[in-house]
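First the structure, in the form of structure tokens, and then the observations on it.
Bear in mind these aren't lab numbers, they're just calculated from the coordinates by the rules spelled out. Since the structure is predicted, the reported quantities are computational estimates derived from the model, not experimental observations. Neighbour counts run over all protein chains shown; Cβ positions are idealised from the backbone, glycine included.
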Amino acid sequence: MFAFALWDAPKKRLLLARDPMGIKPLYYHQSKQLFIFASEVRTLLQTGLIPRKIDLTGVLSYLTFGSVYEPWTMLAGVRSVPPGHVFTVENGVVSGREYWNPLQSAPRNGSSSENGAATAQLPFILRDAVLSHLVSDVPVGVFLSGGIDSSALVAVLAHNGVRANTFSLVFAEEEFNEAQYSREVARRFGTEHHELPISQQDTLAALPDALRAMDQPTIDGINTYLVSAKTRAAGVKVALTGLGADEMFAGYSNFRRVPRMERFSKRFGCLPKFAHRPFAASLALFAGKGDRGRKLAELAAKGDSANPCFVHPYFLLRTLFGAAERQELFSASNFEASQQSLDRLLQDSVTASQFLDPVNRVSYLESTFYMRNTLLRDSDFMSMAHGLELRVPFLDRALVEACFSIPGNKKLQGASPKSLLLASLGVELPREVVNRPKRGFTLPFERWLRSEMQPVVEDTLRKTDWAQTSISPAAVREVWKRFLAGETSWSRPWSLFVLARWCQQNLA
């Protein structure tokens, strides 16, 4: 993982480079007079050399997915250097070239011998990827949640004679406590285990600082802020995380759902304007009048300017606000232009990955969009807020190349989730860990927004001057009203609250 700049003094040339998967961020701004770059958007803002102006396409991407999608940022005139790219700045001219992307390692001829070789080599590639991330002049810890991904890291280390230092958050409230799983993994593999106690009140008290740590607004990342704070306080400066395993080894439900939706979309397409209505209404009725119903209705909707067809079913499942909701919220006069710019980016990735099988296409889209723009970015600024370096062995370049060269159907085989990963460990994980329902780091935001946090969220949404973001205050009030009525999830008002707070902290 890297992002660096190299000044070639004799040639008066600047080189900027970013790692293949986009683990570390790198941003730049160019004008006629200057070229400036930094690893955080806020650093560029604090130079005083760029205008405090919102990028409307950045806002639209945030409303669509809950994070700002590269190459845009929240600031007009600030862009992200793409992963796997080298930029050259010379005589005021910026040029870039791509040196790697995961599609280069995916076979186009479906050679079974090559695929079989990659599968056979996977245990050795995984071992080298994990062990190489231990190189450090300080002790390295492991985030251990008790799920398959972090447990797999511990298992590989133990199988190769390394006794890991593991760290787990332990909730005081039993309904959120999953300590039994991390304890069993620690016991099975003999780790030096550390439990970091935390309560709901601790979490609630940390939220203002977590919001201030956001380099760009995001609906996620609070969990990484909390575990990073606790781990760094325990004296650890470097930690391994299981981020990337779901994307590489088909761990999300999307790996089964999206191919089915692709088949549905190819069969029915965008239905005629009147013919689709009963079907769309039936879908919404089947799923209820909440967010799922609106997404299912959009799946069957006609593509016109008021309710456009989605670019690909994957993006529909990752959508925060649907097409009609975005148009209500986003009152910018150039809404159509921003939407078209975003759609072109999404469509280009879909087109580039058409040669992949459906499962590997989902892997490419998940790692290119959700992982890069939400998980990796959040992990970077939330961990660095505490001076903690997070490392992601599952995104080692050799391992990523191997995973993309293996047919997608092999990743879905077997009764266990991520069976290909489990088969590559060399040892077995505890069955209770393998068979547990997939669950993320859950915080009770739904309850908080209806109790402890309701006054501050409601007050912020009501009093914010949304003019700078081109967001309609009336539409914001409607989102809050729907949440209180139980017609939409907490993530929608929360996303608007986070956006409002980010603007207050950085653009006022």
Report task. Counting only C-alpha contacts under 8 Å and six or more residues apart, can you give the relative contact order of the chain as a whole percent? Result -> 21 percent
Query raised in the report: Tell me, Kirkwood radius of the stretch 121-227 from alpha-carbon pair distances, in Å?
Result: 15.4 Å
Query raised in the report: Taking GluC sites (Glu not before Pro) as exposed when DSSP calls them loop (any state but H, G, I, E, B) and at most 12 other Cβ atoms lie within 10 Å, what is the longest stretch of the chain free of them, the sites themselves excluded?
Result: 174-427
Query - Pairwise Cα inverse-distance average, inverted: Kirkwood Rh of the stretch 353-501 (Å) - result: 19.4 Å
Report summary line: The computed P(r) of the chain puts the percent of Cα pairs beyond 28 Å at 57 percent
Query raised in the report: Using the count of nearby Cβ atoms within 10 Å as a rough guide to exposure, how do ILE471, ILE125 rank from fewest to most?
Result: ILE125, ILE471
Query raised in the report: Normalised by the residues of the stretch 444-508, what does the relative contact order come to in percent, with Cα pairs under 8 Å and at least six apart?
Result: 36 percent
Query raised in the report: Shape call for the stretch 339-379 from the C-alpha gyration tensor, a ≥ b ≥ c root eigenvalues: rounded (a/c under 1.5), prolate (a/b greater than b/c) or oblate?
Result: oblate
Query raised in the report: Mind listing P(r) for the stretch 444-508? All alpha-carbon pairs, 10 Å bins, whole percents.
Result: 22, 58, 20, 1
Query raised in the report: Using the Kirkwood formula over every pair of different C-alpha atoms, what hydrodynamic radius in Å results for the stretch 416-479?
Result: 16.2 Å
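May I ask you to sort MET1, MET248 by Cβ crowding, counting other Cβ atoms within 10 Å and putting the fewest first?
So the residues, fewest neighbours to most, are MET1, MET248.
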Query - Cα shape, the stretch 352-403, gyration tensor, a/c 1.5 rule - result: oblate
Report task. Could you work out the equivalent-ellipsoid semi-axes for the stretch 3-101, taking the square root of 5 times each eigenvalue of the Cα gyration tensor, largest first, in whole Å? Result -> 23, 17, 10
Query - Cut-off of 10 Å, at most 12 other beta carbons, DSSP loop: longest stretch of the chain lacking such trypsin sites (Lys or Arg not before Pro) - result: 274-437
